[in-house]
1. Out of L31, L66, report the one residue that is part of a loop (DSSP other than H, G, I, E, B), at pLDDT 85 or above and either outside the structural domain of L138 (by TED's automatic domain parsing) or among the charged types (D, E, K, R) (or both).
2. List every residue pair whose Cβ atoms sit under 7 Å apart, with the two residues 6 or more apart in sequence or on different chains, where the first one lies in segment 342-359 and is over 20 Å from L392 (Cβ atoms) and the second, anywhere, is of a type in the set (K, R) and in a helix (DSSP H, G or I).
3. State the number of residues belonging to segment 142-171 that are within 17 Å of I126 (Cβ to Cβ), of a type in the set (A, V, I, L, M, F, W, C) and in a loop (DSSP other than H, G, I, E, B).
4. For segment 102-141, which positions are among the hydrophobic types (A, V, I, L, M, F, W, C) and modelled with pLDDT of 85 or more?
5. In segment 192-205, is there at least one residue being modelled with pLDDT of 85 or more, in contact with a Phe, Trp or Tyr (Cβ under 8 Å, 6 or more places away or on another chain) and not basic (K, R)?
6. Can you confirm whether segment 303-315 contains a residue that is part of a helix (DSSP H, G or I), under 28 Å from the mean Cα position of the chain (by Cα) and either at pLDDT below 65 or outside the structural domain of F39 (by TED's automatic domain parsing) (or both)?
7. Give me a count of the residues in segment 87-104 that are loosely packed, with under 14 Cβ neighbours inside 10 Å and not in a helix (DSSP H, G or I).
8. When residues of segment 370-396 are filtered for being closer than 27 Å to D337 by Cβ and free of Cβ contacts under 8 Å to residues at least 40 places away in the same chain, how many remain?
Amino acid sequence: MEQIKRQRNNFVNDYDDNKRKKIGSESYQYLPRESITYFEYLSNELIYEVFEFLDYLHVYEAFFNLNIRFRNLLTNSSLPIKINISSMSKLAYEKYYRDIIMTNVYRINLFRSSNLFIYGLTSSSIQILSKFLQLERLILNNIESEYLEKLLYSLKFLPILSSLTITSLDNIKNKKVIYHQIFHLPALKYCKVSLKGYSNDDDPLPSITNDYSPIEHLIINDTMYLDELNCLASYVLQLRRFSIQLRPEYWKQRTKIHPPTLKHKREIICYRARKASETSERWANISAHIDEQIMDLSRDVDRLTTIDEQFVYIYVNIDGNRQLYFEIKRLHDRLDDYHRTENLMHAKIDEQDINLNQLRKELKQHLNMTNASKKIGKFENDIIVYTNEKLLFQQTIQKLEKQLTILQTQNQSLELNSQSYHEKSNEYESLLISLKEANENSLHLLEQTETELYK
C-alpha cells in the first residue's frame, strides 16, 4: 500500500510539474500576472484540464448554473465524460438526466450506477444505453433480474464496449441465458459477473457456434458443475485470465476437459475450489482427476493475482481542495518572484563591490581624497541599503514558506478526512448488506416454522 501511495504521489508531482510548465508557456503570455489566480479568467482549454481532475457530477453541480459561459463549456464540448450516478437522489437524477446525459449521449465513455430506482424509471439512462456509442466501460450494481436480460440485449449495439461489471440484487432464475447474451457482445474484453441464486433447473448453455466471444479476462462469482464449466470454456477461446469458484458437492460427474478447448488459453486458468469436504474420499478422487487433466495449466497458480486496470484517479472533490490548490500555486509563483529578486540583489551587490574595489585602487593614484571618500561613503550606504532589503526579502520568504507548509498540512488533512469518509461509507454498506441477509434468513426461518405449525 505504501509503495502504491508513493507511486501515486510521484505521478501527481510529475503531472503537476508538467501542468505548471504548460501553463507558464501558454497562458502567462495572454493573461496579466495580477489576474492569473481568478478562475474565470482562465482559457477554455485550461478550464477543461481542471475539469479532468473532478467528478463530472461535481462539475455539473458547481458550474452548470454558474453563468452562460460555463454552461456552454459543459454542453458544447466533445471531450469524453464519465457518468457516476451511484449516490444521487431521484430528484437530482432527473435534472442531471435532462441537462447532461440526454445532451451528451455521444460523449459518455464510462457509466456506473448502483441506485435501485434508476433501473425502473421511464427516463432512466438504462433505457437508452444502446445510444451510448462511445461507451467503453459499464458498471451496474444492484440490478434486478427483470431488467437485466433486456439490458444485455441492448448492449450488443455498442461497438466499443470492452469492460462490463454486473452485480445482481435478487436471484436469477436462468443464469445460462445471461451468460449466453454476454458471450455475444462484439467487443467485450473484460467481464465480471456476480449473479445471485442457484437452481438445478437451469437450462444448459447452447452448443457453441462459430461466433466466439472476444473476452480475455473473465471473473464469475458463482458456482458451476464441471461439465457446465467445460461448455462455458468453449465460448471464450481468447481467454487469458479466468476466475470461478467450484464446490465439490456441486460436481455432477468427472467430465473431461478437452485439450482442443484449452489449447487457445495463453495464461493460467485458476479454479479456486473451496475446502468444503477435503477429508472425503470423493474429493480426493476428483482432485486427482483434475490435476491429471489440467496439469499443464497449474504451474503458476501463485502468480494468479493480477491488477485489473492500472490508472490514477486524481480526485479533487470539494471547493476547499480547489482553493488550496490555487492558493499553493499562487504562493509558489510569489516565492519564485522573490527568489528572482533576491538573485538580482546579489548581482547588484557584487557589482557594487567590484566598483568599490576599483575606486579604492583609483584613490591610491589620485590626490583628491575628499571626492573619493564621498564616493566610497555613497557606495557603502548603497551596500547597507541593499543588505537591509535582502534581509527583508529573506524574512518575507520564510513567512511565505510557513504559510505554504500550513496549507499543505491542511490539504493532507482534507485528503485523510475524505479517505476516512469513504472507508466509513464502505463499512456502512457492508453492515447494511449483512443486516439484509440476516433479515432474509429470519424470514425464511419464520416461513419454515409457520409451515411446520400448519402441519
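The values are calculated or read from the model by the stated rules, or taken from the named source; none is laboratory data. Computed from a predicted structure; not experimentally measured. Every residue, glycine among them, receives a Cβ derived from its backbone with ideal geometry; neighbour counts consider all protein chains shown.
1. Values: L31 fails: at pLDDT 85 or above.
After ruling out the rest, the residue left standing is L66.
2. Between residues of segment 342-359 that are over 20 Å from L392 (Cβ atoms) and residues that are of a type in the set (K, R) and in a helix (DSSP H, G or I), the close pairs are L359/K375.
3. Number satisfying all stated conditions: 3.
4. Taking segment 102-141 as the starting set, the residues that turn out to be among the hydrophobic types (A, V, I, L, M, F, W, C) are 102, 105, 108, 110-111, 116-118, 121, 126, 128-129, 132-133, 135, 138-140.
Listed by number, the residues that qualify are M102, V105, I108, L110, F111, F132, L133, L135, L138, I139, L140.
5. Yes: segment 192-205 contains one or more residues that are modelled with pLDDT of 85 or more, in contact with a Phe, Trp or Tyr (Cβ under 8 Å, 6 or more places away or on another chain) and not basic (K, R).
6. If we filter segment 303-315 for residues that are part of a helix (DSSP H, G or I), which is where we start, we get 303.
Then keep just the ones that are under 28 Å from the mean Cα position of the chain (by Cα); that gives 303.
Filter again for either at pLDDT below 65 or outside the structural domain of F39 (by TED's automatic domain parsing) (or both), leaving 303.
Within segment 303-315 (the criterion being part of a helix (DSSP H, G or I), under 28 Å from the mean Cα position of the chain (by Cα) and either at pLDDT below 65 or outside the structural domain of F39 (by TED's automatic domain parsing) (or both)), the answer is yes, since at least one residue qualifies.
7. Total satisfying the criteria: 4.
8. The initial filter retains those residues of segment 370-396 that are closer than 27 Å to D337 by Cβ, namely 381-396.
Narrowing further to those that are free of Cβ contacts under 8 Å to residues at least 40 places away in the same chain: 381-385, 387-388, 391-392, 395.
Qualifying residue count for the region: 10.
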